[in-house]
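Derivation of every value follows stated rules applied to the coordinates shown; laboratory data play no part. Predicted, not measured: the structure shown is a model, and the values here were computed from it. Don't worry about glycine lacking a Cβ; one is built from the backbone with ideal geometry, like all the others, and counts go over all protein chains shown.
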Amino acid sequence: PGRVRERIFVSYYRYKGQATIPNVESVEILVKATGHVPGYSNGGKMIRPEHYPMEYFQRFPIDDEITSMLVSRIKDDDIYQQITSYPSPDHRSVALANQASIIYVLLYFAPRHLQKQTFQMREIIDKHFPDNWVVPIYMGYKHDITDWWDR
């Protein structure tokens, strides 16, 4: 995956030349290998580099204040107003499932929350992930939180 991206970029770069690729340095940073090879496992556990994918997302950092505000808003509020449709407390995770997907991805852009702010993470887990550990990300991509947040 990473090496393939690098090779595709190099071949395109050699074919077209630097003048035709705007922001070539930014593209190079984006396609650079991360060290993660999906599908490989060690005793049933996925092998991935330390701090992956947080370091990958930090290649193009987003302001910490913005990510903190987004995490706080999604953590505290029902942005899709689904709680009224699911009044039972047993169905809270179903009502907040779309927000759970968003906050799961957003936390990788805010590694400080994910790694150091245990009280906020405890609140996020209790509210959004009490019984749904497999989170749909996008069009059939699913992540098992127990595999990804085991570190």
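A compact table of results
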item: Gaussian network model of the chain, springs between alpha carbon atoms under 10 Å - residue of Val24, Val37, Val135 with greatest fluctuation; result: Val24
item: Over the range 77-151, relative contact order from alpha-carbon pairs under 8 Å, at least 6 apart, %; result: 26
item: Top of Lys32, Lys16, Lys75 by mean-square fluctuation, Gaussian network on the chain, Cα under 10 Å; result: Lys16
item: Cubic angstrom per residue, convex hull over Cα atoms of the chain; result: 145
item: Overall form of the range 80-147 per C-alpha gyration tensor (a/c, 1.5; a/b vs b/c); result: oblate
item: Hz values of 3J(HN,Hα) by residue in the range 81-86 - Karplus curve (6.51, -1.76, 1.60), Gly and Pro given as x; result: 6, 9, 4, 5, 7, 10
item: Rounded to the nearest 20 debye, dipole of the chain from Cβ charges on Lys, Arg, Asp, Glu; result: 680
item: Contour minus Cα-Cα distance for Glu50 and Asn132 (0.36 nm per residue); result: 27.0 nm
item: 0 to 90° range, to nearest 10: angle between helix 118-128 axis and the chain longest Cα axis; result: 70
item: Crossing angle, helix 97-109 versus the chain [Cα axis fit, 0-90 degrees, rounded to tens]; result: 50
item: Percentage relative contact order, the chain, counting C-alpha pairs under 8 Å, at least six apart; result: 17
item: Candidates Gln117, Gln18, Gln99, ranked by Gaussian network fluctuation over the chain, Cα under 10 Å, top entry; result: Gln18
item: Karplus 3J(HN,Hα) series, Hz, for the range 20-25 with 6.51 cos²θ - 1.76 cosθ + 1.60 (x for Gly, Pro); result: 8, 10, x, 6, 4, 5
item: Amide proton proximity set for His143, modelled H, under 5 Å, gap of 5+; result: Val135, Ile137
